[in-house]
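Comments concern the structure below.
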Amino acid sequence: MVTGGSGFVGRAVVRAFLERGTPVTVVDLQAPPESLRDRVTFVEGDLREAEVRDRAVAPGCAGIVHLAAITSVLKSVEQPAATYTNNVEVTQHLLELAREREVGQFLLASTNAVVGDIGHGTISEALPVRPLTPYGATKAACEMLLSGYAGAYGMSTCALRFTNIYGPGMGHKDSFVPRLMRAALSGEGVEVYGDGAQRRDFVHLDDVVQGVLAAWDKQYTGTVVIGSGESISVLELIEAVRAATEIDIPVTHVPAKNGEMPAVIVDVSQAQRELGYEPAVELTDGLRTVWADFTSGAR
Ligand SMILES: NC(=O)c1ccc[n+]([C@@H]2O[C@H](COP(=O)([O-])OP(=O)(O)OC[C@H]3O[C@@H](n4cnc5c(N)ncnc54)[C@H](O)[C@@H]3O)[C@@H](O)[C@H]2O)c1
């Protein structure tokens, strides 16, 4: 059962399970894309409602991949209570159903934002959690719940801490890669906060799917960082998007935002060691897949 299976990451995860012949139930507020609609069991509804969760976690469910969440940091700052309900309460209820119904395993989409700002240090699973936003705090709380359920009931629970994901199907997003793609399409420029030297780890959707499947196959219990393992500056990302789109996107520098992390640099060696995860998509190649999606109008 994939929660948020109609979303950006969810659609790709669902497709990957279907390609392996694994039957999938999607629960989401919105319908899956047409290409998936006839191939999944779709439970339409809000996971905050018990009746929806009850229908979603059917008897015999082998595992839950929990992706549904309030995913915007900005929205979480504006609506901390709603973020708590959507992210933490829903996760607690789903874990409880998984326990009662003896669901084999529970995977959660988490984030490296649980760690907070460590400057230019390298983020690994070993660091303490010190989230700086309601979004990060709710994901950290979910990770703790998963850990508690694994400890007390021997359940397989795994939190996958994704870095910045990019790939086809992100047209509805407001993150930097789709903003650059829109800028390339429209011929307008993009705004860069500060000097653009801030570093980020961009991981392709295919690599994220690989990480999810690897954790699923291993029935891994614990926390793992899933990223590309190579951080680049915002200016380097812009250069890569210019190369992928062959469009010279103009850039305007605007004052840096308060609280923006100077760097997100991650160590993926635990995922490599424990899951056999190996990020494979080169950045410019990966950005071409996003550009192809934007120019096909499929977004
Ligand atoms: N995209 C990234 O870069 C990134 C990075 C780190 C972590 N994550 C996490 O990965 C997960 C998937 O992210 P995404 O980028 O695919 O987001 P998305 O917004 O594209 O998809 C989320 C889906 O969840 C559904 N949903 C949300 N609340 C729901 C509810 N109460 N009931 C039913 N459905 C609900 C939405 O309708 C949507 O289809 C999220 O948990 C997010 O926090 C994403």
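Derivation of every value follows stated rules applied to the coordinates shown; laboratory data play no part. If you're wondering where the values come from, they're calculated on a predicted model, not measured in any experiment. When we count neighbours, we look across all protein chains shown, and the Cβ atoms used for this are built from the backbone with ideal geometry, even at glycine.
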*Would you work out the charge dipole size for segment 167-299 about its Cα centre, treating the Cβ of every Lys and Arg as +1 and the Cβ of every Asp and Glu as -1, and quote it to the nearest 20 debye?*
340 debye
*Could you give the length gained on full extension between residue 144 and residue 130, defined as 0.36 nm per residue of separation minus the Cα-Cα distance, in nm?*
3.8 nm
*Given 86, 240, 164, which one lies farthest toward the positive end of the charge dipole of the chain, if we put +1 on the Cβ of every Lys and Arg and -1 on the Cβ of every Asp and Glu?*
86
*Quick one: what does P(r) look like for segment 81-130 with 10 Å bins over all Cα pairs, in whole %?*
20, 36, 32, 11, 1
_Spelling out what I want: for every residue of segment 101-118, take phi, set θ = phi - 60°, compute 6.51 cos²θ - 1.76 cosθ + 1.60 (Karplus), and round to whole Hz; glycine and proline get x._
9, 6, 6, x, 7, 9, 10, 10, 7, 10, 8, 6, 5, 4, 7, x, 8, 10
*Please figure out what share of the DSSP beta bridges in segment 128-259 is antiparallel and state it in percent, rounded to the nearest 5.*
20 percent
*Could you tell me, in Å, what Rg and Dmax come out for the Cα atoms of segment 13-107?*
13.9, 41
*asked:* Cut-off 10 angstrom, C-alpha nodes, Gaussian network model of the chain. Which of 126, 69, 183 fluctuates the most?
replied: 126
_Electrostatic dipole magnitude of the chain [Cβ: Lys, Arg +1; Asp, Glu -1; Cα centre; debye, to 20]_ = 340 debye
*Give me the distance in nm between label points sitting 7 Å out from Cα along the Cα-to-Cβ direction at residue 219 and residue 274, one decimal.*
1.6 nm
*Among the chymotrypsin sites (Phe, Trp or Tyr not before Pro) within segment 14-120, which fall in a DSSP loop and have no more than 15 other Cβ atoms within 10 Å of their own Cβ?*
none
_Bridge type composition, segment 182-299 - antiparallel percent by DSSP, nearest 5_ = 40 percent
_Just to confirm my numbers, what's the Cα centroid distance between segment 43-67 and segment 172-248 in Å?_
30 Å
*asked:* Can you give the FRET efficiency to the nearest 0.05 for residue 55 and residue 179, using r as the Cβ-Cβ distance and R₀ = 30 Å?
replied: 0.25
*Nitroxide proxy distance, nm - points 7 Å out along Cα→Cβ at residue 100 and residue 292*: 4.5 nm
*Antiparallel as a % of all DSSP beta bridges within the chain, to the nearest 5?*
10 percent
*Please give the peptides 20-27, 266-273 ranked by average Cβ packing (other Cβ atoms within 10 Å per residue), highest first, as a rough proxy for protection.*
266-273, 20-27
*Simple spin-label estimate for residue 256 and residue 89 in nanometres, 7 Å along Cα-Cβ*: 3.8 nm
